[in-house]
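The next block holds one structure in the form of structure tokens; read it before the comments.
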Amino acid sequence: MAHGLYRLRDYPSSPREEIVAAWLRVGPDALVSHQAALELLDLADIIPDAIHVTVPRARRSLSRPPGAAIHTTTRPIAPGDVIVRGGIRLTAPARTIADVAQVGLAPDQVVRAAREALDRGLTTPERLRASARGRGRRVERLIEDALSRVAT
């Protein structure tokens, strides 16, 4: 699949193979995040420009695999911030939505993601608010706006 990363012949390829490859190349403490996590969670109608992964800030000197975007975080990655889908570790819906709001995803996509996550029972308004807390007024306002639109 890539230098030092192999897929066994008897195992079929998968539509998510490129995401798995990027995630594995970054390392075991990495999480698929941002737009790539939205795609895996089926929470938005976007095509990610890269495979986004998040790692602790201490690993900021990582070299970026081709086609990947590495985000570092000083926010502790709590157990509730991590889920596993199809064997891939990724950020939980509330953290994913706050992450994309923080990096400037279009507000209508943030609202759609919040609506989908709430409608499908993947998160709660309290978890969304908690994930937005401390990320700046713009992100908190955007999440509150998303929640008010979902409520109507």
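Rule-based calculations on the coordinates, nothing more; no lab input. Because the structure is predicted, anything quoted here is derived from the model rather than measured. Heads up, the Cβs are rebuilt from the backbone with ideal geometry, glycines too, and the neighbour counts pull from every protein chain shown.
By other beta-carbon atoms within 10 Å, ranking Arg112, Arg95, Arg120, Arg129 with the fewest at the front produces Arg120, Arg129, Arg112, Arg95. Taking 0.36 nm per residue of separation and subtracting the Cα-Cα distance, full extension of the segment from Thr72 to Arg137 would add 21.3 nm. Note on the stretch 43-133: Kirkwood radius taken over Cα pairs, Stokes-Einstein applied at 4 °C and 1.567 mPa s, translational D equal to 92 µm² s⁻¹.
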